[in-house]
Amino acid sequence: MDISKRNSALDITRICALFCVISVHFFLNNGFYNEPMFGKRMYVMTVMRTAFMICVPLFIMLTGYLMCNKKLSAKYYLGIIKTLSIYVLASIACLVYKMIIYHENLTFSHIISSLLNGSGANYAWYIEMYFGLFLLIPFINLIYNNLGSHKAKLALLATLLFMTAIPSLANIYNFRVEGWWKTPYLSREYHQLMPDWWVMIYPLTYYFLGAYLREFPLKLKQHTKLIFWGISIIAFGSFNYYRSHYGFFEWGIYNDWYGFQNVIMTFFAFSFLSSIKTDKYPKGFKWFLMKVSDLCLGGYLVSYIFDNYFYPILNAHVPTMVYRLNWYPVIVPIVFICSLLLSLVLNLIYGAAEYGCKLAYGKLTRTESPKSRVTEQNQRRLDTLETARLILRPFRESDAEDMFEYASDPDVGPRAGWKPHKSVDESLDTIRHFITDGDVWAIELKETHKVIGSVGLHRTINKKFTEELNIAYDIELGYVLGKTYWGRGIMPEAAAKLIEHTFSLGTKTMLVAHFDGNVQSKRVIEKLGFKPVGRIEQCHERYDGEMLNESFYLLTAEEYYKQKAKLSDSDKLTVV
C-alpha cells in the first residue's frame, strides 16, 4: 500500500485507546478501589481514571468511522479471521502464563472451553462484544446510510443517546436520605426518573457517533476541541470525586462505558485525535504508527499477563496505595511496551500461518484467475506520466477512499451524467472496472500523493454521434476532478499531458463533449484547443431520468501540432 496516503491520525487514535486501557488498569490493579476517597492524591487519581475511561468508547467509535460503508458479502465476513486468530493466540498466551505461574492443569477440553467462553484471556469481554457488533455492521449500516438527510441522522443519534446515555444523567440521585447531597457515598440507592432498560446497547451509540463524525466532522479548531476535552475531564473527574468523597470509589452508571460523561469526553477526544494533520509526517514514522496500531488488539488482550506480573511487585514495593501514583509514569509505559512486543510475536505467528495457508492454497490450485491476469496486463498498458504538479498513473484499489471523497460530491458526478457515489465500496467497484478496462488514469497530486480525479481515453465509437455530427474519431477524452481543485488549471494540465502522449503514439483524432451547464468542462475543452463540431439535443438520459443536451468538440493530431508549434515557451504550460 502507499503509506504516504494513509490517514495516520486514525492509527494515533487507536494507539491512544490502548494506552488508555492500560492506564485504566493501573487503578484496577493498584488498590485504588479499596482506598477511602479523600486527599489530593486520590482526587488526582480520580480525575485520571475518569479521563482514561474513554478507552473502549474510542475503539468502538473508530470502528464506526472505518466500517460505516461496509456491505453484506462473503468477503466482509472473512474480515473477522485475523481478529479471531489474534484472540485465540492471545488466549493461549494467557493460559500458558497461568499454567507457568499458577500451575493450572490445562486439559484440552479446558483450553477449548476457555477459548469459546472468553475466559482464556481475562480481558476478552471486548472480543465478545466486538464479534456481535461485527455481525451486525452490514445491517446497521443500511439503517444509517439510507437515512436521507443530516437531520435524520441526528435524530438517530439523539434516540440512541436518550436510550443509553441520558439515563446515567437522570437516575443517579437520592431524594429520601437526609443529608445525601453532602455525603452521597452514604447510600447507593437512587431514584429512577427515566427508563434504562436499553443502556447496554451503548456500542451502537458509539458506532453511529463514529460514522457521523466521518461524514460530519466537528467544525471547531483543534485547540478548541482540546480545551473542551480538558474541561470535560476536570468537570466529570471532580463530580466523580464528589460522589465518592469519604467513601470508596463509586463505579456507577454515570461513569460507566455508557455514561453520559464518557460520551462527552470521547466525542471531543475522537474529534481531536482523528483530525490531527499527518500529511507531512515522514513515511517512516507513518509506517511505524501503522504497525503499532496493528498490534493494539493483541496488546489489549495480553496486557493481562503484564498487569498480573508487574503490579504485585509495585504493591509490595510501595505499601501505601496513594504513593503508587508516583510510579504511574514507569509501570504503565512498561506494561504498554511489553504488551505490544508480545502482540508483535503473536502477529508474526499469525502472519506466518497466513502465508503458509496462502502458499498451500496456491500450490493446490496452481492457477491464476483470469481476472488477475487481465488486471495486471491492463495496468501495464497504461504508462505513468508526469507534469509539474501531477502524476498520471493506473488506479489502485487503495485509491478507493480518495475517489469516494470527490465522487460522492453532488456537484461533481451529475455534471458528467453519473450518480454520486454512496459508499467507498461503490468507488472500489468503479476502480476495478477502470483497472480491467485499462483506459483511465488516476490524477495524483505530487504535493500530497492524493488522488484528486481521473482522466481517460475511451476507444468505443458511438455510431449515433458519428452519424448525426457527420464526423469520424479514433478516441474520446473524458475526465473528472474533485471540486476542491477546480479553478487551479489542474485538469488542463493533466489532459494536455495525456493528449500529447496519445498523439505521439499515432492517434489521429480525439473527441470530447460536455453537457449543458457544465461551464467548467467547457473552459477546459477550449483551453486544450478542441474545435466545436456540433450539438445533439436530448441525447443522454441521466440517472435521475433527466434528458441532457450535449456539445461535441474535435481535435486532430495535425491541428494539435500546428497549435503547439505556434505557442511561445511561456504558453506551453497548457500542453506540457
Could you tell me whether the stretch 72-181 comes out rounded, prolate or oblate from its Cα gyration tensor? Rule is a ≥ b ≥ c as square roots of the eigenvalues, rounded for a/c under 1.5, then prolate if a/b exceeds b/c, otherwise oblate.
oblate
Accessible area of the chain belonging to carbon and sulfur atoms, whole % at 1.4 Å probe
61
Treat each spin label as a single point 7 Å out from the Cα along the C-beta direction, and report the LYS283 to ARG389 distance in nm.
2.3
Expressed in angstrom and rounded, the centroid-to-centroid distance over alpha carbons for the stretch 85-162 and the stretch 175-206 is 27
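Among the listed pairs LYS463/LYS497; LYS75/LYS153; LYS286/LYS450; LYS283/LYS446; LYS483/LYS564; LYS283/LYS450, give every one whose C-alpha distance is greater than 18 Å. Could the numbers behind the result be given before it?
Details: LYS463/LYS497 28 Å; LYS75/LYS153 28 Å; LYS286/LYS450 15 Å; LYS283/LYS446 15 Å; LYS483/LYS564 29 Å; LYS283/LYS450 14 Å.
Table pairs above 18 Å Cα-Cα are LYS463/LYS497; LYS75/LYS153; LYS483/LYS564.
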Rounded, prolate or oblate (a/c below 1.5 giving rounded, otherwise prolate when a/b exceeds b/c) for the stretch 227-269 by Cα gyration tensor
oblate
Need the C-alpha centroid separation for the stretch 464-483 versus the stretch 304-353, integer Å.
65
If Rh is defined by the Kirkwood formula over all Cα pairs and Rg also comes from Cα, what ratio Rg/Rh do you get for the stretch 408-563?
0.94
Any idea what the dipole of the chain comes to, in debye rounded to 20, about its Cα centre with Lys/Arg Cβ at +1 and Asp/Glu Cβ at -1?
860
Among VAL199, GLY31, TYR144, whose Cα projects farthest towards the positive end of the dipole of the chain, with charges put on the beta-carbon of Lys, Arg (+1) and Asp, Glu (-1)?
GLY31
Calculate the radius of gyration of the Cα atoms of the chain to one decimal place, then report Dmax, the largest Cα-Cα distance, as a whole number, both in Å.
29.8, 97
Two pseudo-spin positions, 7 Å from Cα along C-beta at TYR33 and at PHE108, lie apart in nanometres by 3.7
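I want the local charge near PHE336. Using Cβ-Cβ distances under 14 Å, sum +1 for each Lys or Arg and -1 for each Asp or Glu among the other residues.
On the way: positive: ARG14; negative: ASP307.
Net charge in that neighbourhood comes out at 0.
Could you give the longest part of the chain that holds none of the GluC sites (Glu not before Pro) found in DSSP loops with at most 16 neighbouring Cβ atoms within 10 Å?
Longest gap between qualifying sites, sites excluded: 190-367.
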Convex hull over the alpha-carbon atoms of the stretch 12-109: what's its volume per residue in Å³?
162
Ignoring everything but the protein chains, give the 1.4 Å probe accessible area of ARG389 in square angstrom, nearest 10.
90
Per DSSP helix of 4 or more residues, -39500 (n - 2.57); summed, then divided by the residues of the chain. What does that give at 222 nm, rounded to the nearest 500?
-18500 deg cm²/dmol
How many nm is it between the label spots at LYS151 and GLU128, if each spot is 7 Å from the Cα in line with the beta carbon?
4.2
Got a number for the accessible area of TYR300? Probe 1.4 Å, square angstrom, nearest 10.
10
Principal-axis tilt of helix 424-437 within the chain, Cα atoms, nearest 10 degrees:
40
Note down the accessible area of ASP544, probe 1.4 Å, to the nearest 10 Å².
80
By how many degrees, between 0 and 90 and to the nearest 10, does the Cα long axis of helix 150-164 differ from the longest principal axis of the chain?
10
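The values are calculated or read from the model by the stated rules, or taken from the named source; none is laboratory data. If you're wondering where the values come from, they're calculated on a predicted model, not measured in any experiment. Because the Cβ atoms are built from the backbone with ideal geometry, glycine has one as well, and the counts that use them run over all protein chains shown. SASA here: full protein model, heavy atoms, side chains in, ligands and nucleic acids out. Shrake-Rupley method; radii C 1.70, N 1.55, O 1.52, S 1.80 Å.
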